[in-house]
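Taking it in order: structure first as structure tokens, then the write-up.
The values are calculated or read from the model by the stated rules, or taken from the named source; none is laboratory data. This is a predicted model, so every value here is computed, not measured. Glycine also receives a Cβ, built like all others from the backbone with ideal geometry; neighbour counts cover every protein chain displayed. SASA here: full protein model, heavy atoms, side chains in, ligands and nucleic acids out. Shrake-Rupley method; radii C 1.70, N 1.55, O 1.52, S 1.80 Å.
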Amino acid sequence: MSIRQLDAIGWAQLLGVPALFVGLWLMLVGLHFPEMSQTVVLVVVAVLAAGGFALILGSWSRFGGYASYRAMNRWLRGGADPTGVPVVIRRRFLRRQTSQGAVTGWVWISLGILWAALAVPDVLQGDPAGFGRGVVAALWAVIGIVRVVFMRKWGARVDELVRETEAQMADPGATPHLDLFR
């Protein structure tokens, strides 16, 4: 993968996930462990940033690189078939989408509500830890809402593509979306 292949979404993912990890860690340290040594804080920041980069790059590599990943995302949202992406990788991508369905989104929303409930007493008492819990609650809720909305909008398309991909794997010569005249 080349850095030149990344678009704005790729850069947001590549820089945003490590920044989120680091930001949450620094918030936790600032709220609960203000006396922690700066060396430990910096080491953990470096490890979290590297872990965030590794997580995103590993995710892209599982799907054949960033270009394939983006092509499959466009395909999922009604775009052209991702030419050059093997059927096995397409199936892996679609399986991830189905395994992270709307139920997962509702679980994340529930976690957001739980964290918000934990934050309210702290906020009412003026404890800064309530702010941290509120941020975590908002993150869980936003992630869950995005997942639920995505599955409501694209869930039927995901199911259709799973069926097509499974049929294509069963009969590699067939192209189900072109067999309209059978």
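Helix 129-170 and the longest principal axis of the C-alpha atoms of the chain enclose an angle of approximately 10°. The stretch between Phe53 and Arg74, if pulled fully straight at 0.36 nm per residue, gains 5.3 nm over its current Cα-Cα span. Projecting the Cα atoms of Phe53, Gly134, Leu42 onto the charge dipole of the chain (Cβ charges, centred on the Cα centre) puts Phe53 farthest toward the positive pole. Just so you know, the averaged projected area of the alpha carbon convex hull for segment 1-106 sits at 8.7 nm². Of the whole protein surface, Asp159 contributes about 80 Å² of accessible area at a 1.4 Å probe radius.
Inter-label distance, Met36 to Glu166: 4.5 nm, where each label sits 7 Å from its Cα along the C-beta direction. About the centre of its Cα atoms, the chain shows a dipole size close to 500 debye [charges on the beta carbon of Lys, Arg (+1) and Asp, Glu (-1) only; nearest 20 debye]. When peptides 64-72, 120-128 are sorted by average Cβ neighbour count within 10 Å, with the highest value leading, the order is 64-72, 120-128. For the chain, the relative contact order works out to 20 percent when only alpha carbon pairs closer than 8 Å and six or more residues apart are counted. Please name which of Val88, Ile9, Ala116 has its Cα lying farthest along the dipole of the chain towards the positive end, using unit charges on Cβ (Lys, Arg +1; Asp, Glu -1) and the Cα centre as origin. Going by the charge dipole, the pick is Val88. Helix 38-62 axis versus longest C-alpha principal axis of the chain: approximately 10°, rounded to the nearest ten. Here the accessible area is traced with a 1.4 Å probe on the protein chains. For the chain, carbon and sulfur cover 68 percent of it. Relative contact order of segment 93-139: what whole-number percent is it, with Cα pairs under 8 angstrom and at least 6 residues apart? Relative contact order comes out at 34 percent. Note on semi-axes √(5λ) of the Cα gyration tensor in Å: of the candidates (1) 39, 21, 11; (2) 45, 19, 12; (3) 96, 21, 19, the value calculated from this structure sits at (1). Over the residues of the chain, the helix contribution to mean residue ellipticity at 222 nm works out to -27000 deg cm²/dmol, using -39500 (n - 2.57) for each DSSP H run of at least 4. With respect to the chain, whose longest principal axis is taken over its alpha-carbon atoms, helix 66-76 is tilted by about 70°.
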